[in-house]
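The values are calculated or read from the model by the stated rules, or taken from the named source; none is laboratory data. This one's a predicted model, so the numbers in the text were calculated from it and none came from an experiment. Virtual Cβ from ideal backbone geometry, glycine too; neighbours counted across all protein chains shown. Areas reflect the complete protein model, heavy atoms only, side chains present, ligands, DNA and RNA absent. Shrake-Rupley method; radii C 1.70, N 1.55, O 1.52, S 1.80 Å.
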Amino acid sequence: MSSISIDASTLQINSFGLQNLMNFIFVHERTLKEFGAIKIQLSSDCALALKKRQISLTCASIQQITKVSDDEPIYFVQKRDDANVYTGQRSPIKNEETFWCSLSNLGQKFSTSGVSLLPNKSFFYEKQHGKYFSIHRIPRKSLLRLSGTKITNQFVSSLTRAHGPGAIFPLSSVQQRLFLLVYHHQGGPRHWYIIPACERETLQKILQRQNSTYCLEHGELMINPVVFDKYHIRYHRIIQYPNEFVILSAGALSQSFTLDASWSESIPFALPSWIEEGHATARNLACQCNINFPLSKTIDVSVFRHELIQKYIDTHLNIVKDGKTSITQ
Ligand SMILES: [Zn+2]
């Protein structure tokens, strides 16, 4: 199938669309689901409630990379805080090709610049006039609002610092298979590989065939896309630049790397399909990770009753401009 690795769609959004972002994403949900992700570019009239950048990181974490299979270019990525084991900069990472070359040319084990996650830190203001977009409003504008303020308040954004060229965001899925919005604040482009939810099982089987006990969902693996090609797993690329959104669909898997140091910020949210298509209650039986989610517990899905979801759609996802213009125009 030649369509296996076509790029995911890029959409443009204006200020009206951005103020009604859940509605905008809902309108484009078919595309989002098909690709597992979409990229959104902001038009010049979009205003964001951004702070002046002032976070200093004293320590730069690194990642240790180990090849896990003799046959396939699949890598186990481990976060290390002791920068002493850093083996120095490899050949320059200029593009996708040089990135994968740099992994395959080195020995069985080596290290690279890492990624630091700063939960509950943000470059967006919490409270500013509604015309300025703030990432903090997303959970309670999404279907999650049905679970009440106590739950939506637990959804906070996370800042992520990629410390240098070739920093890896290993293969992962959002907690409880929620949707995710990722904003690129500044720095080098981020190269994404997205595996739509419908391809999960095939990928899981291939890893099991390799006798791999590594988990697909919790940031352990980085897989060269030649493996996806070989086993006919559909995946899509996105290159994300500063001031662009990447939206991950419910249940999608993603992995990415950066060409240089960068800052990005992300927040989970839900749309009706998260419940209706069973993502909220799906379980990955192969996962043996002992993960402590930042949430005190997983969300109780029994509050998302059909009639309440329908009411949410009618009130929040059917917004038209001036009574006639659709959000997409
Ligand atoms: Zn896991």
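For the chain, the solvent-accessible area of protein heavy atoms averages 48 Å² per residue (probe radius 1.4 Å; ligands and nucleic acids excluded).
Looking at the range 108-215, the GluC sites (Glu not before Pro) that sit in a DSSP loop and have at most 13 other Cβ atoms within 10 Å of their own Cβ are Glu126.
The fraction of accessible area contributed by carbon and sulfur in the range 143-267 is 47 percent, rounded to a whole number (1.4 Å probe; ligands and nucleic acids excluded).
For an R0 of 25 angstrom, estimate the FRET efficiency from the Cβ-Cβ distance between Asn105 and Asn211 and round to the nearest 0.05. Mind showing how you got there, number by number?
On the way: r = 25 Å, r/R0 = 1.02.
For R0 = 25 Å, the calculated efficiency reads 0.45.
Based on DSSP H runs of at least 4 residues, each adding -39500 (n - 2.57), what is the mean residue ellipticity at 222 nm of the chain after dividing by all its residues, to the nearest 500 deg cm²/dmol? Don't skip to the end; give the middle numbers.
Numbers: 10 runs with 69 residues, N = 329.
Computed ellipticity for the chain at 222 nm equals -5000 deg cm²/dmol.
Exactly which trypsin sites (Lys or Arg not before Pro) in the range 124-226 are in a DSSP loop and have at most 16 other Cβ atoms within 10 Å?
On the way: sites: Lys127, Lys131, Arg137, Arg140, Lys141, Arg145, Lys150, Arg161, Arg177, Arg190, Arg200, Lys205, Arg209; in loops: Lys127, Lys131.
Answer by residue number: Lys127, Lys131.
Between 0 and 90 degrees, the angle of helix 96-105 with respect to the longest Cα principal axis of the chain falls at about 40 degrees.
Rounded to the nearest 5, the antiparallel percentage of DSSP beta bridges internal to the chain is 90%. Residues whose amide H lies under 5 Å from that of Ser111, counting only those 5 or more places away or on a different chain, are Ile65, Thr87; hydrogens are built 1.01 Å from N in the peptide plane. Of Lys127/Lys311; Lys33/Lys311; Lys94/Lys205; Lys33/Lys141; Lys67/Lys230; Lys39/Lys94, which sit over 25 Å apart, Cα to Cα? In this structure, Lys127/Lys311; Lys94/Lys205 lie more than 25 Å apart at Cα.
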